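Below you'll find the structure, written out as structure tokens, and then a few comments.
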Amino acid sequence: MASSAISNRALVPPQMHDSEACVLDDPLITLFHAAQGRRAMKIVADMETHFAPAEMVSFGRALAVSDHPARAVFLQRESFVELLAAKRVQPFQRSAISPDVSFYSDGGPPTNKTLVVGFGGMGGRLGLPIGNILQVMDASRMDMVMLRDPLQRNYAFGAGSFAPDFASLIASLRIRFRPDSYCRLVTIGNSMGGTASLRAGFWLDAERAIGIGARRSNDDLMLVLRRGVGPAFDPFCDCLRDRPHRGLLVYAGACAPDVDAATQMEANGAGRRVIFVGMGEHNLISRFWAMRELGAFLDLLLNGRLVGDRHTPAPPIVIGRTWLPRLRAGLKRRIGHWTGRANR
């Protein structure tokens, strides 16, 4: 898509509702208008890391009618383009639990919902701005906790001020978000966060734990470098390789480092491999977003029949190029079923 087309599409804002005005009081937005150059760009990146879809839309609409000298530059970012063009914005509301932990929910009761616990990678994201990920999820059926590790140490030392180490992080998740009150619990992480997601799913007894491009623990290297590895115990080791687990090791078949890591982690009991052939990207979430297939990709991982009896060994799942058309047809049938039930 040409940049001029993106600019025109983003700079025509819908009418902003009065209820959105409170979003514009966020400290990040105040900082943005006081900043210039690279500092302003960093603040927008922070918004993308934290803001729910409605917050991003509200800021984008206000920016589009402002006299900010760089408004066109920022509104050409695909994160804004996609959300501003959406016919319906998913009604997630963000609760800032701590600087490194956010909770997103429409406020509905958890009884019939899935709690998704996300573990961000090195940049604190699931490969994309969180608003764009939430936009392809159903707020009436899912709540999401998003965790970030400011130390970039595989969550061995927790998630900032929320928890000082991995064991405390698991305990804090149980106490603060009560996953047992939800219908389902799923953990998901990419890259550095993928390994943490698999471990957390193990300790939290999640229905499934998803690690996208997960990498092996570097505890051995840290010990050689005389650096602390944290007090957490890694359940994916030779001594526990036969302990059942509902982990999914998701990776691109042509990304050699991810292939090696997943093969070794599977041998140590971390989960079942899910291989997307014909792809070589480490960041599969970003790849499927670029293909406009992120919703189908996440639906497959979060809801697809990829996990079975945890006591029964299962072969790797190999997903080829014919998967997307078949899944789209299935989603249309499912949406039709939901619509029919809602109209009864």
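Restricted to the range 1-37, and to residues there that are modelled with pLDDT of 50 or more and not in a helix (DSSP H, G or I), the residue that is least open to solvent (accessible area, probe 1.4 Å) is 35.
Would you check which residues across the range 55-80 are among the β-branched types (Val, Ile, Thr) and either surrounded by 18 or more Cβ atoms within 10 Å (Cβ to Cβ) or part of a loop (DSSP other than H, G, I, E, B) (or both) and list them?
57, 65 - these are the residues of the range 55-80 that are among the β-branched types (Val, Ile, Thr) and either surrounded by 18 or more Cβ atoms within 10 Å (Cβ to Cβ) or part of a loop (DSSP other than H, G, I, E, B) (or both).
Within the range 92-114, the set of residues being crowded, with 19+ Cβ neighbours inside 10 Å and touching a residue at least 60 places away in the same chain (Cβ under 8 Å) comprises 100, 101, 113, 114.
Based on what the data block shows, is residue 123 under 24 Å from residue 194 (Cβ atoms), at pLDDT below 95 and either open to solvent by 40 Å² or more (accessible area, probe 1.4 Å) or basic (Lys, Arg) (or both)? So residue 123 fits the description; yes. If you check residue 242 against the conditions, is it at pLDDT below 70 and either assigned to a loop (DSSP other than H, G, I, E, B) or crowded, with 18+ Cβ neighbours inside 10 Å (or both)? It is true that residue 242 is at pLDDT below 70 and either assigned to a loop (DSSP other than H, G, I, E, B) or crowded, with 18+ Cβ neighbours inside 10 Å (or both). Here residue 148 meets the list (1) under 30 Å from residue 37 (Cβ atoms); (2) free of Cβ contacts under 8 Å to residues at least 60 places away in the same chain; (3) buried (at least 22 other Cβ atoms within 10 Å of the Cβ) almost entirely, failing just condition (2).
Find the residue count for the range 153-188, including only residues that are in a loop (DSSP other than H, G, I, E, B), out of contact with any helix residue (DSSP H, G or I) (no Cβ under 7 Å at 6 or more places or on another chain) and not aromatic (Phe, Trp, Tyr). Of the residues in that region, 5 qualify.
Among the residues of the range 126-142 satisfying the criterion of being surrounded by 24 or more Cβ atoms within 10 Å (Cβ to Cβ) and among the small types (Gly, Ala, Ser), which is farthest from the chain's Cα centre (by Cα)? The extreme case among them is 131. Checked against the criterion of being outside any helix (DSSP H, G or I) and of a type in the set (D, E, K, R), the range 38-54 has no qualifying residue.
If you go through the range 127-152 and keep only what is hydrophobic (A, V, I, L, M, F, W, C) and outside any loop (DSSP other than H, G, I, E, B), you end up with 130, 133, 134, 142, 144, 145, 146, 147.
The residue that is nearest to residue 186 (Cα to Cα), counting only those in the range 260-290 that are without any contact (Cβ under 8 Å) to a residue 12 or more places away in the chain and open to solvent by 10 Å² or more (accessible area, probe 1.4 Å), is 263. The single residue among 117, 89 that is touching a residue at least 12 places away in the same chain (Cβ under 8 Å), β-branched (Val, Ile, Thr) and under 30 Å from residue 257 (Cβ atoms) turns out to be 117.
Give the residue that is surrounded by the most Cβ atoms within 10 Å (Cβ to Cβ), with candidates limited to residues of the range 175-219 that are in contact with a Phe, Trp or Tyr (Cβ under 9 Å, 6 or more places away or on another chain) and basic (Lys, Arg). The residue in question is 199.
The values are calculated or read from the model by the stated rules, or taken from the named source; none is laboratory data. All of these numbers come straight from a predicted model, not from anything done at the bench. Don't worry about glycine lacking a Cβ; one is built from the backbone with ideal geometry, like all the others, and counts go over all protein chains shown. We work out accessible area using only protein heavy atoms, side chains counted, and drop any ligands, DNA or RNA first. Shrake-Rupley method; radii C 1.70, N 1.55, O 1.52, S 1.80 Å.
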